[in-house]
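Reading through the structure tokens given below for one structure.
Computed from the coordinates by the stated procedures, all read-outs in this text should not be read as laboratory data. Only a predicted model underlies this, so the values are computations on that prediction, with no experimental measurement involved. Here Cβ is always computed from backbone atoms with ideal geometry, including for glycine, and neighbour counts include all displayed protein chains.
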Amino acid sequence: MEIQALLYQVINVVVTIINLFGISVVFWGFVVAAYDFIKMKTHRRGPSDFIIESNSIRAVLGTYILFGLEFMIAGDIIHTFIKPSQEDLIVLGTIVAIRTVISYFLGREVDEAKKEAAHKSKKAEVTT
């Protein structure tokens, strides 16, 4: 029984580290996006440049959020393997479903922002 308790503690530490890493990735994405946004706002540019750059910033932030969510989902899955009661499995299923839906729609938004930014930059190149 002591080995099970030790293994449980080790896995809890590993899950905590994975979740903290996921949170750190999301936070770092916020820092990068906030820096880029401030940099964009301090340099006066035209409205078309604002749209291109803001879509690029959204895509970067969305990518960081998606990446962080994947780590948090992995942590939840590992944590459930420790003590898989029916209640834990239901909670895990709900959390994974919610995060997966968020990831899916955020991924679509990131793809749209990237496509829109590429389209706008091509338009800007053609007009210059």
Checklist entry - Relative contact order for the chain: what is it in percent, counting Cα pairs under 8 Å that are at least 6 residues apart? => result 35
Checklist entry - By how many degrees, 0 to 90 and rounded to 10, does the Cα axis of helix 2-42 deviate from the longest principal axis of the chain? => result 10
Item to check | Surrounding net charge for M40, when Lys and Arg each add one and Asp and Glu each subtract one, Cβ distance under 12 Å | outcome: +2
Checklist entry - Leaving out same-chain residues fewer than 8 places away, which lysines sit with a Cα under 28 Å from that of K122? => result K39, K41, K114
Checklist outcome for this item: Log10 I(q)/I(0) at q = 0.10, 0.15, 0.20, 0.22 Å⁻¹ for the range 2-127, from Debye over equal alpha-carbon scatterers, is -0.46, -0.78, -1.08, -1.20
Item to check | Gain upon complete extension [D49, Y104; 0.36 nm per residue less C-alpha separation] | outcome: 17.0 nm
Checklist entry - In what order do H43, H119 fall by count of nearby beta-carbon atoms within 10 Å, going from fewest to most? => result H43, H119
